[in-house]
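Derivation of every value follows stated rules applied to the coordinates shown; laboratory data play no part. Because the structure is a prediction, the values reported are computed rather than measured. Quick reminder, even Gly has a Cβ in these numbers, built from the backbone with ideal geometry, and neighbours come from all protein chains shown.
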Amino acid sequence: MKIILASLLLAATLGAADKEIYVYNWSEYMPDAVIKQFTKETGIKVKYSTFDSNEAMYAKVKTAGGSSYDIIVPSTYFVNKMGREGLLEKIDTAKLKNYSNLDPKLLSKEFDPKNEYSIPYLWGTTGISYNAKLVGETPITSWADLWNAKFKNSELLNDDMREVFGIALKVLGHSANSTDPKQIEAAYNKLKELMPNVKMFYSESQKQVYLNEEVSLGMNFNGEAFMANEENEDLKYLYPKEGALVWIDSLVIPKGAKNIEEAHAFLDFLLRPEIAKAISQEIGYASPNLKAVELLDEKTKNNRMIYPTDEDLKNSELQIDVGKALPVYEKYWEMLKATNK
């Protein structure tokens, strides 16, 4: 009997040790300390890999299948797209005791109106970063200022199709979520005029590019701008008068994920106030977790780079799926990238 009990105990121990989850996330988007703490508390190992664009993530999930991962972190409009295409599992919020910590203002959005497939992880904006020392006296207030001929070969654009077309659409007075082929074509023609100013398309750590003074100004995520400003006060961030682009990066479980229970445990862990606070403070993006925001120091809570005011977000838009218009964007995106080679 003792031998049988010992064998059962050993089997249970080995089973716990074998538990793991596969997480596919943006680069530099989750503190190592958070992952280590989760494993220490639960015994669940985290196999972590990264991507640098929604398109790259989507292509890999479509090709390799969702069973390769247990947690993925797509942006707003890709949650809608992947849910519509049957690529996501429904999340059982009854298993998430910390779910109530989320800000209701960031739930029930158009990309997931019933909150079936996604949990907000971090949210932020895409605006303009500029080096005050390099730009000099030239005023920068709007997306349209990027077209100033003074900035030839000195700008960075995010390597993100929807965001790049979004700024041109807004300069032209249209929605960043336009599905009108004529408006998308007009945005392409407007962007062709911008290409002499564009030194690079980039989507990994924009922070370092600005710190290295490889560019004078351009698009940037607010968290990257925050981290860059921490190291160099000359690096500023502004919300363009035409409106910033707003996004929410969400935690989802891909269809066919093999470790569903462990994935839910990880989701609930990330929703703990002290964990969400640690993530927001280190990564530099706003937390959707109200309890976590309460724990932040006043300097962080009042930093408009991270937590913009209503005035900052005037004319801003949350990106949504453009459905059947996507191939139109893709056609012009390929043409645009070809002109930058």
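At-a-glance table
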{"quantity": "Residues of type aspartates and glutamates that residue 36 reaches as a straight line, Cα spacing below 19 Å, ignoring anything fewer than 8 places off in the same chain", "calculated": "18, 20, 28, 70, 261, 262, 268, 274, 282"}
{"quantity": "Degrees, to the nearest 10: 326-339 long Cα axis against longest axis of the chain", "calculated": "60 degrees"}
{"quantity": "Length-normalised contact order of the chain in % [C-alpha pairs under 8 Å, at least 6 apart]", "calculated": "28 percent"}
{"quantity": "Helix 54-64 axis, angle to the chain major axis (alpha carbon atoms, nearest 10°)", "calculated": "40 degrees"}
{"quantity": "Highest-fluctuation residue, 51, 165, 111 considered, GNM on the chain with Cα pairs under 10 Å", "calculated": "51"}
{"quantity": "Spin-label model distance (nm) - residue 212 vs residue 141, 7 Å beyond Cα toward Cβ", "calculated": "3.4 nm"}
{"quantity": "Furthest towards positive pole of dipole, 278, 253, 263, structure part segment 238-285, Cβ charges", "calculated": "253"}
{"quantity": "Residue 20 long-range amide H proximity, modeled H, under 5 Å", "calculated": "45"}
{"quantity": "Computed magnitude of the charge dipole of segment 45-185 (debye, nearest 20; Cβ of K, R +1, Cβ of D, E -1)", "calculated": "320 debye"}
{"quantity": "HN-Hα J in Hz across segment 306-318 - Karplus 6.51, -1.76, 1.60, θ = phi - 60°, x for Gly and Pro", "calculated": "8, 10, x, 7, 4, 5, 4, 8, 4, 6, 6, 9, 8"}
{"quantity": "Gap separating the Cα centres of segment 42-107 and segment 305-335, nearest whole Å", "calculated": "20 Å"}
{"quantity": "Stokes-Einstein D in µm²/s, Kirkwood radius over Cα pairs - segment 92-234 at 25 °C with 0.890 mPa s viscosity", "calculated": "143 µm²/s"}
{"quantity": "Links that overshoot a 26 Å alpha carbon limit, given the list 170/277; 62/90; 45/277; 62/207; 60/105", "calculated": "170/277; 62/207; 60/105"}
{"quantity": "Those GluC sites (Glu not before Pro) in segment 45-106 that DSSP places in a loop and that have at most 13 other beta carbons within 10 Å", "calculated": "85"}
{"quantity": "Zone residues, segment 231-268, relative to residue 18, backbone N less than 18 Å from point 7 Å out along Cα-to-Cβ", "calculated": "258-263"}
{"quantity": "Global geometry of segment 247-341, whether rounded, prolate or oblate, following the gyration tensor of its Cα atoms and the 1.5 cut on a/c", "calculated": "oblate"}
{"quantity": "Furthest towards positive pole of dipole, 129, 219, 96, structure part the chain, Cβ charges", "calculated": "96"}
{"quantity": "For the chain, calculated [θ]222 nm from helices alone, where every DSSP H run of n ≥ 4 adds -39500 (n - 2.57)", "calculated": "-12000 deg cm²/dmol"}
{"quantity": "Cα point-scatterer Debye curve for segment 50-137, base-10 log of I(q)/I(0) at q = 0.13, 0.19, 0.22 Å⁻¹", "calculated": "-0.54, -0.95, -1.19"}
